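The values are calculated or read from the model by the stated rules, or taken from the named source; none is laboratory data. Quick caveat: nothing in here was measured; it's all calculated off a predicted structure. All Cβ positions, glycine included, derive from the backbone under ideal geometry; neighbour counts span all protein chains shown.
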Amino acid sequence: MMSKSTVLDKMKVEGLRLTPQRVHIVELLFELSHPTADRIYTMMTEKFPHISLATVYSTLKKLKEIGVVRELSSGDKSSHFELAETDHWHFNCKVCGEIYDLEPNDAEALVAVGMNNGAFHLDSYRVEFYGVCAKCNA
């Protein structure tokens, strides 16, 4: 599992200044489940009232470029962000918009089938499910 210090070290190695705003964005990525840039921005304004939405977007873009963050497009057309740890599946709730991580045991079997007996070189994979979560279904 990726740690905050690992992410900050990677940022330094890649030449990104560790401003208080960037560090807090990283902290929020560890705290929140698949937040949107707007949600991160809203939470950032509590600590940094003069931060701009553009700063949040540019920081997320840089974190994505250096490989520590993934951008997920969801059914509601907004982008959500998560730390780029291991490949896993997602369940997207169509009612509340929550995204849940799934770690199925047989993911390797699915990947092997999709690789067409070695005809393709797989770097990563993404499997998305859409429906209604247990909380909304109750």
> Residues 85, 31, 65, 27: which one is of a type in the set (Asp, Glu) and modelled with pLDDT of 95 or more?
Replying inline: 27
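Here's the yes/no breakdown for (1) at pLDDT below 90; (2) out of contact with any strand residue (DSSP E or B) (no Cβ under 8 Å at 6 or more places or on another chain):
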| site | (1), (2) |
| --- | --- |
| 17 | no, yes |
| 23 | no, yes |
| 57 | no, yes |
| 72 | yes, no |
| 95 | yes, yes |
| 108 | yes, yes |
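Return the total of residues in region 7-48 being small (Gly, Ala, Ser), in contact (Cβ under 8 Å) with a residue 40 or more places away in the chain and at positive phi. I'd like the intermediate steps shown before the answer.
Kept after step one, since they are small (Gly, Ala, Ser), are these residues of region 7-48: 15, 33, 37.
Next cut, in contact (Cβ under 8 Å) with a residue 40 or more places away in the chain only: 33, 37.
Checking which are at positive phi leaves us with none.
Total satisfying the criteria: 0.
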> Could you list, in sequence order, the residues of region 79-93 that are crowded, with 18+ Cβ neighbours inside 10 Å and touching a Pro at 6+ places or on another chain (Cβ under 9 Å)?
Replying inline: 80, 81, 82
> Among the residues of region 19-37, which ones are closer than 11 Å to residue 81 by Cβ and charged (D, E, K, R)?
Replying inline: none
> Which of (1) more than 23 Å from residue 88 (Cβ to Cβ); (2) in contact with an Asp or Glu (Cβ under 8 Å, 6 or more places away or on another chain); (3) among the polar types (S, T, N, Q) does residue 21 not meet, given it meets every other one?
Replying inline: (2)
>> If I go through region 22-47 residue by residue, how many of them are over 20 Å from residue 100 (Cβ atoms), surrounded by fewer than 17 Cβ atoms within 10 Å (Cβ to Cβ) and either among the polar types (S, T, N, Q) or in contact with a His (Cβ under 8 Å, 6 or more places away or on another chain) (or both)?
In response: 3
